[in-house]
Amino acid sequence: MAETSACSETVRNEAGLHARPCHALVSLALGFESSLRVSHGGREVNGKSILELMTLGVVCGGEMEFRAEGSDAEGLIASVSELLSSGFGEGYSTHGSPKVEG
């Protein structure tokens, strides 16, 4: 049976979700078997597609929701949460704190 895991995160890097953070997120997600869906502003996209992620237009301080389904969903969500908490390695502002749901 496939597991499901989800979390909400605030984008903390000052430039928001541009090409480099999208690439980092997709590269991370592709290392897992589980699917990843990402939501923002009432839209949901495939978290393993750079182009789809970029269409969300998330700015610093924007809230994103992540939902993974599959055998390694919990690990994927934990890794996504860590990546966003680090500001994608770009430095970050102090907007919000992560919330993880199991």
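The values are calculated or read from the model by the stated rules, or taken from the named source; none is laboratory data. Just so we're clear, the structure is a prediction, and the values are computed from it rather than from any experiment. With ideal geometry, Cβ positions are generated from the backbone for all residues, glycine too; neighbour counts draw on all protein chains shown.
State the number of residues belonging to the stretch 32-45 that are under 19 Å from V59 (Cα atoms) and surrounded by 15 or more Cβ atoms within 10 Å (Cβ to Cβ).
5
Here's the yes/no breakdown for (1) at pLDDT below 95; (2) in contact with a Ser or Thr (Cβ under 9 Å, 6 or more places away or on another chain):
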| position | (1), (2) |
| --- | --- |
| L36 | no, no |
| H40 | no, no |
| V45 | no, yes |
| K48 | no, yes |
| L53 | no, no |
| G70 | no, yes |
| G87 | yes, yes |
| S97 | yes, yes |
| G102 | yes, yes |
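Kindly provide the set of residues from the stretch 5-31 that are under 14 Å from G70 (Cβ atoms) and surrounded by 20 or more Cβ atoms within 10 Å (Cβ to Cβ), ordered by number.
Passing the criteria: S5, A29.
For the stretch 15-30, how many residues are in contact (Cβ under 8 Å) with a residue 40 or more places away in the chain, closer than 17 Å to E82 by Cα and not basic (K, R)?
The number of residues fulfilling the criteria is 7.
Looking for something in contact with a His (Cβ under 9 Å, 6 or more places away or on another chain), under 21 Å from A19 (Cβ atoms) and among the acidic types (D, E) - is there at least one such residue anywhere in the stretch 45-63?
Yes: one or more hits.
Of all residues in the stretch 46-84, how many are surrounded by 15 or more Cβ atoms within 10 Å (Cβ to Cβ) and among the hydroxyl-bearing types (S, T, Y)?
Counting residues in the stretch 46-84 that are surrounded by 15 or more Cβ atoms within 10 Å (Cβ to Cβ) and among the hydroxyl-bearing types (S, T, Y) gives 3.
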